[in-house]
Amino acid sequence: MSNLVSLLSGLIFGLGLMIAQMVNPNKIIQFLDITGSWDPSLAFVMAGALFVFGLGYVILIKPRARSLDDSVMPKVSTAPVDNHLIVGSSLFGIGWGLVGLCPGPTMANLSSLNPMIWTFFVVMIIGLMIGNLIKKVKMKVASPRGVEPLLPG
């Protein structure tokens, strides 16, 4: 059931990206070009998404103790903002601004066989692998006796 909910959620998200034309990198770059040919449509898409999410959260999620697939709801992280979050979100924003893509639209665009999309996808995967490798090395340095520290979440 969990996989079905995940699949359905991903399909709805992808369909929303396609309808709003958020899979088009040029549309994103025009939104970020506030001194040139600015296209405010992404702001309306974000506002609409936040409204629908907020309403759904208050009505469907907040009052529940268990998720829609009847599993226990995870606790919200209370981890403080740290350097990893700042660097990671900065890299995400820089990549989004330069290329006009982030992971969701990239996945939706893979079937187009566009070389730019595939190049971005490969570089994104390599970046994720490097990030995981750095995290593993830091964990080993933090616990030299081979005892792995517990990560939150």
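Between Gly36, Gly97, which is surrounded by fewer than 10 Cβ atoms within 10 Å (Cβ to Cβ), more than 18 Å from Leu15 (Cβ to Cβ) and not polar (S, T, N, Q)?
The conditions single out Gly36.
Quick check: anything in region 9-17 among the aliphatic types (A, V, I, L, M), touching a helix residue (DSSP H, G or I) at 6+ places or on another chain (Cβ under 8 Å) and modelled with pLDDT under 85?
yes
Might you check whether a residue that is under 18 Å from the mean Cα position of the chain (by Cα) and part of a helix (DSSP H, G or I) occurs anywhere in region 55-62?
Within region 55-62 (the criterion being under 18 Å from the mean Cα position of the chain (by Cα) and part of a helix (DSSP H, G or I)), the answer is no, since none of the residues qualifies.
Just the residues that are within 19 Å of Gly97 (Cβ to Cβ) and over 16 Å from the mean Cα position of the chain (by Cα), please, taken from region 1-24.
Ala20, Gln21, Asn24 - these are the residues of region 1-24 that are within 19 Å of Gly97 (Cβ to Cβ) and over 16 Å from the mean Cα position of the chain (by Cα).
Which one is farthest from the chain's Cα centre (by Cα), of the residues in region 39-49 that are assigned to a helix (DSSP H, G or I) and surrounded by 11 or more Cβ atoms within 10 Å (Cβ to Cβ)?
Ser41
Output yes when any residue across region 98-121 is at pLDDT 90 or above, among the small types (Gly, Ala, Ser) and in a helix (DSSP H, G or I), and no when none is.
No: zero hits.
Given the condition part of a helix (DSSP H, G or I) and out of contact with any strand residue (DSSP E or B) (no Cβ under 8 Å at 6 or more places or on another chain), answer yes or no: does some residue in region 69-78 qualify?
Checked region 69-78: no residue is part of a helix (DSSP H, G or I) and out of contact with any strand residue (DSSP E or B) (no Cβ under 8 Å at 6 or more places or on another chain).
For residues that are surrounded by 14 or more Cβ atoms within 10 Å (Cβ to Cβ) and of a type in the set (S, T, N, Q), tally how many sit in region 5-33.
Qualifying residue count, region 5-33: 3.
All but one of (1) under 27 Å from Gly14 (Cβ atoms); (2) in a loop (DSSP other than H, G, I, E, B) hold for Val81; which doesn't?
(1)
Please go through region 56-92 and pick out each residue that is among the acidic types (Asp, Glu), loosely packed, with under 10 Cβ neighbours inside 10 Å and modelled with pLDDT under 80.
Asp70
If Ile28 satisfies all but one of (1) part of a helix (DSSP H, G or I); (2) over 30 Å from Ile94 (Cα atoms), what's the number of the condition it fails?
The number of the failed condition is (2).
The values are calculated or read from the model by the stated rules, or taken from the named source; none is laboratory data. Quick caveat: nothing in here was measured; it's all calculated off a predicted structure. Please note: Cβ atoms are built from the backbone with ideal geometry, for glycine as well, and neighbour counts cover all protein chains shown.
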